[in-house]
Amino acid sequence: MPKVIGGLAALAALIAGILGHVDPLACVGRAALAFLLGWIAYQVWYVLFASRIPTHTLEFESRRSSSSEGSEGAP
C-alpha cells in the first residue's frame, strides 16, 4: 500500500509538472521526491493510527467472549 500512495503522489507531481511546462529533469526529480514523501507519510500514518485500532478491538472482543463463556457454565 505505501507504494500505491507514493505512486499516486508521484503521478500527481508529474502531471503538475507537465501542465506547468517544467523542465523534464526537474519534473522527474519532483516526482521522485513526492514518491518518497508519500511512502514515508503512509508509514507514519500506519504506525501512529492504523496499527493501534485492531489491537484494542481484538482485546475487547476476546474479553467479551471469555466473559460470556464463563457465565454460560454457571447455574
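The values are calculated or read from the model by the stated rules, or taken from the named source; none is laboratory data. In this text the structure is predicted, and so the values were computed from the model without any measurement. No Cβ is skipped: glycine too gets one built from the backbone with ideal geometry, and neighbour counts run over all protein chains shown.
Restricting attention to the range 1-53, which residues are assigned to a loop (DSSP other than H, G, I, E, B), touching a helix residue (DSSP H, G or I) at 6+ places or on another chain (Cβ under 9 Å) and at pLDDT 90 or above?
Gly20, Asp23
So which residues in the range 2-23 are exposed (fewer than 11 other Cβ atoms within 10 Å of the Cβ) and at negative phi? It would help to see each step written out before you state the result.
The initial filter retains those residues of the range 2-23 that are exposed (fewer than 11 other Cβ atoms within 10 Å of the Cβ), namely 19-21, 23.
Correct list: Leu19, Gly20, Asp23.
Scan the range 15-28 and report the pairs whose first residue is without any contact (Cβ under 8 Å) to a residue 60 or more places away in the chain and whose second residue is among the charged types (D, E, K, R), with Cβ atoms within less than 7 Å and a gap of 6+ or a chain change.
Pairs found: Gly17/Arg30.
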